[in-house]
Amino acid sequence: MNVTTLDDDSNSAPPPLSTPVDPARDIFPHCLVWSPLPVLTWFLPFIGHMGIATTDGIMWDFAGPYSIGKHKLAFGPPTRYIQLDVAPSKASDYDLAVAEANATYACRTHNLFCDNCHSHCACAFNNFQYKGWRRWNMVVLCFYMFFAGRWVSPMAVAKTWGPFLVGLTVILVIECF
């Protein structure tokens, strides 16, 4: 598996399973995470880059063809997340489901429209049968994040919605005058 580690501090021990979400340290235990994609998110704020974190808080993402990123998302730190409901007794099954999705996607090419970071996360969800369902896909996860995702900070909201709102304001000013 081709794993890209952008910031690997191998001297630090992984956090315990009870570690809370800590955006300042990029620790997101059993979370679905999301960050804006430059230019695309400016026009369509619901479109972005998605990754999934194991129970130790380490994020994984389908970063490009044949490449799984570890701990740092390809397009910057997460601005949104959903902490998944994973029972402590199922933590190892969940981590295995993420590892299986990583192994699958490390052998795939990336396609922005059909087989992308959202598909990688959906694969992990389906492997784990999250919420008893095996029909997760990139569209479902897109809307799941859009409606259920939590912002990491007020600045994250501005980073995501700011360019869209500036563009919309410019268009409205031009149209009105």
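A compact table of results
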| quantity | calculated |
| --- | --- |
| Conditions (1) at pLDDT 90 or above; (2) farther than 17 Å from residue 70 by Cβ; (3) more than 15 Å from the chain's Cα centre (by Cα): number failed by residue 25 | (2) |
| Enumeration of residues in the range 59-82 that are polar (S, T, N, Q) and either at pLDDT below 95 or in contact with a Leu (Cβ under 6 Å, 6 or more places away or on another chain) (or both) | 67 |
| Of all residues in the range 119-139 being hydrophobic (A, V, I, L, M, F, W, C) and out of contact with any helix residue (DSSP H, G or I) (no Cβ under 7 Å at 6 or more places or on another chain), the one that is modelled with the highest pLDDT | 125 |
| Sole exception among (1) modelled with pLDDT under 90; (2) closer than 16 Å to residue 94 by Cβ for residue 7, by number | (2) |
| Cross-chain or 6+ apart pairs with Cβ under 8 Å, the range 135-156 first and within 11 Å of residue 34 (Cβ to Cβ), then in a helix (DSSP H, G or I) and not aromatic (Phe, Trp, Tyr) | 141/118; 141/121; 141/122; 142/118; 151/157; 152/23 |
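The values are calculated or read from the model by the stated rules, or taken from the named source; none is laboratory data. On a predicted model such as this, the values are computed, not experimentally measured, just so you know. For neighbour counting, all protein chains shown are included, and Cβ atoms are generated from backbone atoms with ideal geometry for every residue, glycine included.
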